[in-house]
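The values are calculated or read from the model by the stated rules, or taken from the named source; none is laboratory data. Note that the coordinates shown come from a computational prediction; the quantities given were computed from them, not determined experimentally. Cβ placement follows ideal geometry from the backbone for every residue including glycine, while neighbour counts extend to all protein chains displayed. These accessible areas exclude ligands, DNA and RNA; they are computed on the full protein's heavy atoms, side chains included. Shrake-Rupley method; radii C 1.70, N 1.55, O 1.52, S 1.80 Å.
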Amino acid sequence: MPYAKTKDILSKAHNEGYGVGAFNVNDLEFIQAIVKAAVMENSPAIIEASEGALKYAGDGDVEKGAFILADMVRRYADAVSVPISLHLDHGHDLKHIMAAIKAGFTSVMIDASDKPLEENIRITRQIVEVAHAAGVAVEAELGRLMGIEDNVASAESVLVDPDEAKRFVTETQVDFLAPAVGTSHGAFKFKGEAKIDYERISKVKELTQLPLVLHGASGVPAQWVELAEKYGADLSGAKGVPDEVLQEAVKRGINKVNTDTDLRIAFLAGLRKHLAENPKEFDPRKYFGEAKDFVTEVVRDRMRVLGSSGKA
């Protein structure tokens, strides 16, 4: 199937009420693992790369990295029968966003969520005008990602305001919106139980009628943490978003669910396990191979949880 558009993937998910995983990559192995999982689950998948990933892929040159990643993803996407798209995650620098658009990314994110509302609107609208002219969809973020701990009242200042979200979408014409509803990035999201503001998701969905995005959504499954630690990793205190929380968020209107940490932990577990059990191994195809298989397993599980399996 030809390289897909992120907007097409998420419009279908929005209309049919399921979630699609957006999986972060830095290299070939992660791209292979995600595409393999998508084929096995007959699921759409969004592959996404951060500005840091572009820099890594280009050995310090972001524009070169954007073209390298886009070429790899496009070739894998063209070779399979499920929709695969490529998205720029957390774009902050206009030059980096333009590099992704020129390279052929089918969607980009402008993250000006750290700015006052008026400035966020102005910056986002500028990116939307440029991207839409090139046929590229735009994601933006409103509010700030900080996990809700015990004091919900103090979290109000960082969570999205639904009425502001409506205004933001109307004035910027973004295609997808990432509202801050209580998650945070990384493997150490919550001190206690995960707390997501479901009612806020429902209200933002009602007022915007757009595909919504959940950032900081990795589950940090205990089985992968335990396996990595068995072979020497130190991930004590790691905690993510449980499957049932993600499923409720999808029911409330989330359609794109970002996942990065889970992939890294699974890859780390596979790599450490293989090297520990095969001390004479020096062929990277072998030790990367097992790590890659673990990533595929994590991606497949995420697709089932979100309801995208069988939706290609």
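What the table below lists for this structure:
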read-out	value
Packing-based ranking, highest mean first, of 195-201, 42-48, 101-107 given that Cβ atoms within 10 Å are counted	42-48, 101-107, 195-201
Difference of contour (0.36 nm per residue) and Cα-Cα distance, residue 222 to residue 126	30.3 nm
Estimated FRET transfer efficiency when R0 is 22 angstrom, pair residue 278-residue 56 (beta carbons, to 0.05)	0.25
Accessible surface, per residue, of segment 1-131 when the full set of protein chains is kept, probe 1.4 Å, Å²	40
Given 7/205; 203/311; 5/64; 12/292; 12/195; 203/251, the pairs whose alpha carbons are separated by over 19 Å	203/311; 5/64; 12/292; 12/195
Rounded FRET efficiency, nearest 0.05, which uses the C-beta distance separating residue 40 from residue 234 and R0 of 35 Å	0.65
Segment 188-312, accessible surface, carbon-and-sulfur percent (1.4 angstrom probe)	49
Helix axis angle, 117-133 relative to the chain longest principal axis, alpha carbon, degrees	70
Debye, to nearest 20: dipole size of segment 235-312, +1 on Lys, Arg Cβ, -1 on Asp, Glu Cβ	220
Percent RCO, i.e. relative contact order, over the chain, from Cα pairs under 8 Å lying at least 6 residues apart	21
In degrees, nearest ten, helix 62-78 long axis to first principal axis of the chain (Cα)	80
Mean shadow area of the chain over all directions, Cα convex hull, nm²	15.0
5 angstrom amide H check on residue 178, placed H, neighbours 5+ away	140, 141, 142, 213
Centroid-to-centroid separation of segment 242-273 and segment 278-312 [C-alpha atoms, Å]	13
Crossing angle, helix 261-277 versus the chain [Cα axis fit, 0-90 degrees, rounded to tens]	10
